[in-house]
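Visitor: Submitted below is the structure of interest, expressed as structure tokens.
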Amino acid sequence: MCLVTAAAAPSDYDGFLEWMSESSNKPIPEHLYDVGPPKATARNVEIEELIVANNLPKAKLLSSYSGREDALLKSLQKHSSTLLEIDALVEETNVGKSSSELLASFAPPVLAKNLRKMKSKQDLEAATVEEIKTLCDEIDLPKSSDELLESYAGKEKELLKYLQKMKAKQDEEAATLEEIEALVDELDLGKSSEAMKESYEGREEELLKQLRKMKAKNAATVAEIESLVASTNCGKSSEELLEKYKGSEKDLLKNLRRLNSSQMTVATSGTASVASLDASTRPAAPTKAKSYQQLIAEKKAAKKLAEIQTSLDASQHSVGSVSSKGKSYQQLIKEKQAMKKLAAQQKQ
């Protein structure tokens, strides 16, 4: 029997297997050596590689992280990644010193943070310069972008602000002129857009405002014309009338308003007459649309009746006398009756 004291027990797995073999005088099967945790073995190898690659104190680190090798590996990986980033940033920012020189003065995390800020600032400055050059080309300034950048060295943001404001103003002016041209063509004012812009040079906004008002007024006029054409049934379409009265839309609207008013007066008069009759003895007749010529004739007949009535009123106190037009009272009575009969026929 082999007695083994606790002090002789090894602290690692491979040593444990060897110790067991020596203690029992029996060889340990080969496959038992593979039972050990491969992750731990690979981890330890990577830890050692990272310590050597980054020239770090091995003994101190292993002692500090004893039993926490996973945390040590994670810390070493992060440290290695930071150093690689520092090398890349030093090259991109062109700071004038090597990574080793900078690491001698700054801890890796702090140095990496500062270099990131520097890189971000440089990128922003580069984008600002690029936008300045683009705006100079678009605005067509008397000075080149290089001349402006030289004059505003260290104040590139201020220069960019001025150029952006100038570009916005130019774009707004261009949009105004474009809208003026479109409105002048649409309204057919008899003047070219160039002539109007020349007359309103420096007051383009005022011109645009007036043209917009004119367009809105024309649109309202056309809408009313279309509505009146539909309601008066004048025998022509609104398109035909607008084409015929092109440039004289106000006159067309005035005539249509008169026609509509006349039709409304006739309709109101007819309604009042029918209402005075007994509905049971006189059924309402269907309304028939009247032409423009019929309405004019009715209007003339009504005017004639009014003249006859005026003459009758003037001569009713002296029957048989001659009126101002050389007609007797009896003649005026006959004319009035004839005109009433004619008006009744026209209404039918």
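The values are calculated or read from the model by the stated rules, or taken from the named source; none is laboratory data. Fair warning: this is a prediction, and the values are worked out from it, not measured in the lab. A quick note on method: Cβ atoms are made from the backbone with ideal geometry, for glycine too, and the neighbour counts reach across all protein chains shown. Just so you know, the surface numbers come from the protein's heavy atoms only, side chains and all, with ligands and any DNA or RNA stripped out. Shrake-Rupley method; radii C 1.70, N 1.55, O 1.52, S 1.80 Å.
Visitor: Accessible area per residue for the range 74-118 in Å², computed with a 1.4 Å probe and the full protein assembly in place, what is it?
Guide: Details: 2980 Å² over 45 residues.
Result: 66 Å² of accessible area for each residue.
Visitor: Only Lys, Arg, Asp and Glu count, each charged at its Cβ (+1, +1, -1, -1), so figure out the dipole size of the range 114-218 about its Cα centre, rounded to 20 debye. Write out the running numbers ahead of the final one.
Guide: Numbers: 20 positive and 27 negative charges, 157 e Å.
Here the range 114-218 has a charge dipole of around 760 debye.
Visitor: Answer rounded, prolate or oblate for the range 60-155, using the Cα gyration tensor with square roots of eigenvalues a ≥ b ≥ c: rounded when a/c is under 1.5, else prolate when a/b is larger than b/c, else oblate.
Guide: Details: a/c = 5.55, a/b = 3.46, b/c = 1.60.
Cα axes put the range 60-155 in the prolate bin.
Visitor: Excluding LEU56 itself, calculate the net charge of residues whose Cβ lies under 15 Å from the Cβ of LEU56, where each Lys or Arg counts +1 and each Asp or Glu counts -1. Please list the in-between numbers first.
Guide: Working: positive: LYS58, LYS60, LYS74, LYS78; negative: GLU46, GLU48, GLU49, GLU69.
Local charge sum for LEU56: 0.
Visitor: Could I ask something else about it? Under the Karplus relation 6.51 cos²θ - 1.76 cosθ + 1.60, θ = phi - 60°, what is the ordered set of whole-Hz ³J(HN,Hα) values for the range 87-97, x standing for Gly and Pro?
Guide: 4, 5, 5, 4, 6, 6, 7, 6, 6, x, 9
Visitor: Sum up the charges of everything whose Cβ sits under 10 Å from the Cβ of GLU179, counting Lys and Arg as +1 and Asp and Glu as -1, but leave GLU179 out.
Guide: Numbers: positive: ARG212; negative: GLU178, GLU181, GLU204.
Around GLU179, the charge tally is -2.
Visitor: Something else about it: Using the structure shown, list the pairs from LYS58/LYS78; LYS215/LYS250; LYS197/LYS250 with a Cα-Cα distance above 23 Å, or answer none. Walk me through the numbers before you get to the answer.
Guide: Working: LYS58/LYS78 17 Å; LYS215/LYS250 14 Å; LYS197/LYS250 26 Å.
Result: LYS197/LYS250 exceed 23 Å.
Visitor: Tell me, what is the percent relative contact order of the range 198-272, built from C-alpha pairs under 8 Å that lie six or more residues apart?
Guide: Details: 29 pairs, mean separation 20.3, N = 75.
Once normalised by length, the contact order is 27 percent.
Visitor: Then there's this: Rolling a 1.4 angstrom probe over the protein heavy atoms, how many square angstrom per residue are accessible across the range 187-245? Walk me through the intermediate numbers first.
Guide: On the way: 3980 Å² over 59 residues.
For the range 187-245, the per-residue accessible area is 67 Å².
Visitor: If you don't mind, another one. Could you look at the range 181-271 and say what percent of its accessible area is carbon and sulfur, using a 1.4 Å probe and all protein chains? Walk me through the intermediate numbers first.
Guide: Numbers: 2990 of 6110 Å².
Answer for the range 181-271 is 49 percent, counting heavy atoms of protein chains only.
Visitor: Excluding VAL229 itself, what net charge comes from residues whose Cβ is under 11 Å from its Cβ, given Lys and Arg +1 and Asp and Glu -1?
Guide: Values: positive: LYS236; negative: GLU224, GLU226, GLU239, GLU240.
My count for the surroundings of VAL229 gives -3.
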